[in-house]
1. What are the residues in the stretch 1-38 that are closer than 15 Å to ALA58 by Cβ, open to solvent by 90 Å² or more (accessible area, probe 1.4 Å) and either of a type in the set (A, V, I, L, M) or part of a loop (DSSP other than H, G, I, E, B) (or both), if any?
2. Among residues belonging to the stretch 39-58 that are over 13 Å from the mean Cα position of the chain (by Cα) and modelled with pLDDT of 95 or more, point out the one that is most open to solvent (accessible area, probe 1.4 Å).
3. Go through the stretch 77-95 and give me each residue that's open to solvent by 50 Å² or more (accessible area, probe 1.4 Å) and either in contact (Cβ under 8 Å) with a residue 40 or more places away in the chain or under 18 Å from ARG16 (Cβ atoms) (or both).
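The values are calculated or read from the model by the stated rules, or taken from the named source; none is laboratory data. Everything numeric in this text was worked out from a predicted model, so none of it was measured. Neighbour counts run over all protein chains shown; Cβ positions are idealised from the backbone, glycine included. Just so you know, the surface numbers come from the protein's heavy atoms only, side chains and all, with ligands and any DNA or RNA stripped out. Shrake-Rupley method; radii C 1.70, N 1.55, O 1.52, S 1.80 Å.
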Amino acid sequence: MSMTVVVTRNVSGRMRGFLASSMLELAPGVYSAPKMSPAVRERVWSVVTEWFTAEQEASVILLWADSAQPGGQSVQTLGLPPVNLVDLDGLLITHRPSK
């Protein structure tokens, strides 16, 4: 089990309510769970991904501690702005496509 964080932007009340029922809302749109199992994390992300199709101009970022990944964390994203995660010499960085 590892620390899990979800950060949202411009999501519906339905999404916020679901996340608040699964995690602690530390600030508007910022959710944390100190010991979330991988199975629970995958289920939460599955629901968020399914519901995200109804969102407009929103974004969701999920991150958790993962010693097997560069930078010691894994990241999943949905929405705007689109980013690509790149391993640069063992450091995880974001790359935004040029316009």
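1. Passing the criteria: ASN10, PRO28.
2. Applying the filter and picking the extreme gives GLU50.
3. Correct list: THR77, LEU80.
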